[in-house]
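The values are calculated or read from the model by the stated rules, or taken from the named source; none is laboratory data. Quick caveat: nothing in here was measured; it's all calculated off a predicted structure. Cβ: placed from backbone, ideal geometry, glycine included. Neighbour counts: every protein chain shown.
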């Protein structure tokens, strides 16, 4: 679920989607989600049934599950191409590629390489040695080393291009994914990029976009209204948890931030006040201090200055390498912020077997503890013929003539009840206590 946006972006930039399903397994929820995204984006599907060389592999079972989703492969008289393959041995991979090429020919996928490059940002990350590394997919034109480039709210000049094997290349044409070095900042995954005529033009447009983004951010800041104050008062103990998210790649930050926002409830609201690519800096710590936030680092670490400042400002920095660990810990923290609930626990049942009226004291009951253990501080109820007739507290608890703190099952005791004397032989005194129970989201 955390990677829904990532799958949706992948479907939008793809010309053909290869849906890989293990033949020894079933069609998983994430596979169904990937199929739905591809269909929503109008992307043709080719199915690859992998692990066919494993014992227990049953591709027909997968075909059957797909047919339930109204997806019929060509083998079963449908329109979708499929191929049984083995990634381990390479069995039939060439046939799968042939089917992909056939699909591409039918679609007549064409692009003009003789113009300035345009395409989509797949991912952006901060590399310690190389700076901002942006992975892009060229969709039209040719991207060359030295080209001024604009992506989202950031500009730059292409200093180097590397292909999917890490080899340096001088240019990249349509449908080629490359890593670009030279961006001034980390654009958001899914942003469009354009190669422009001059770096000045790229910088001017980037600055205008950044300004617009700031203005929109200010406009969309939620200020508290009378209605919101009323809602919070009605809920009672409304709380907020402010979070700053920093990570190594933009896609992971987006997945984590979206998942954390979904944890918001009526009682506790999560606010992502800032998110970005790169190490945790001193400015992040100062922002956390000003907004009373915690900082979550995903695959990144704080700088030395940021760590010292966080210790001085007592800012909580949490570091994770697995998204679901971060989500579960924040969820646990939110449960800790909720006011506890109290659950009633019956600790003893005591039968009244004799009553004595004593002047200035009231009615004393001679009792037998039927089960559990009654204590001097227990809250009690008087139950007569199955009906509760009084709820209150003990005034005294005795064994023979001595005051005692507790009396256990099978022992006799004497007790009288505070502000209540209408007790009869056969009444049951039910002792109970309120146990604190942690609330769950």
Worksheet item: Is one or more of the residues making up region 19-26 closer than 25 Å to residue 256 by Cα and crowded, with 17+ Cβ neighbours inside 10 Å?
Response: yes
Worksheet item: Looking at this structure, is residue 71 more than 30 Å from residue 258 (Cα to Cα), modelled with pLDDT under 95, touching a strand residue (DSSP E or B) at 6+ places or on another chain (Cβ under 8 Å) and crowded, with 18+ Cβ neighbours inside 10 Å?
Response: yes
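One line per residue, one yes/no per condition, for (1) surrounded by fewer than 21 Cβ atoms within 10 Å (Cβ to Cβ); (2) at pLDDT 60 or above; (3) in the same structural domain as residue 282 (by TED's automatic domain parsing):
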| site | (1), (2), (3) |
| --- | --- |
| 225 | yes, no, no |
| 230 | yes, yes, no |
| 247 | no, yes, yes |
| 254 | no, yes, yes |
| 258 | yes, yes, yes |
Worksheet item: What are the residues in region 339-373 that are within 30 Å of residue 293 (Cβ to Cβ) and out of contact with any strand residue (DSSP E or B) (no Cβ under 7 Å at 6 or more places or on another chain), if any?
Response: 339
Worksheet item: If the Cβ limit is 6 Å and pairs must be 6+ apart or interchain, which residue in region 369-391 that is farther than 14 Å from residue 416 by Cα pairs with which residue that is outside any strand (DSSP E or B)?
Response: 369/409; 369/411; 371/409; 384/427
Worksheet item: Residues of region 168-181 being farther than 14 Å from residue 141 by Cα and in contact (Cβ under 8 Å) with a residue 40 or more places away in the chain, which ones?
Response: 179, 180, 181
Discussion item. I'd like to verify a number: residues in region 99-135 that are surrounded by 13 or more Cβ atoms within 10 Å (Cβ to Cβ) and touching a strand residue (DSSP E or B) at 6+ places or on another chain (Cβ under 9 Å), how many?
Written reply: 22
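Quick grid of which residues meet (1) assigned to a strand (DSSP E or B); (2) more than 22 Å from residue 248 (Cβ to Cβ):
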position	(1), (2)
166	no, no
179	yes, no
189	no, no
194	yes, yes
200	no, yes
203	no, yes
207	no, yes
210	no, yes
Worksheet, complete the sentence: Among residues of region 277-286 being in contact with a strand residue (DSSP E or B) (Cβ under 6 Å, 6 or more places away or on another chain) and not in a loop (DSSP other than H, G, I, E, B), the residue farthest from residue 241 (Cα to Cα) is 277
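If I filter region 287-304 down to residues being assigned to a helix (DSSP H, G or I) and within 23 Å of residue 321 (Cβ to Cβ), which single residue comes out as nearest to the chain's Cα centre (by Cα)?
Among those residues, the one meeting the criterion is 288.
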Worksheet, complete the sentence: Checked 146, 152 against criteria (surrounded by fewer than 19 Cβ atoms within 10 Å (Cβ to Cβ) and in contact with a strand residue (DSSP E or B) (Cβ under 8 Å, 6 or more places away or on another chain)); the one match is 146
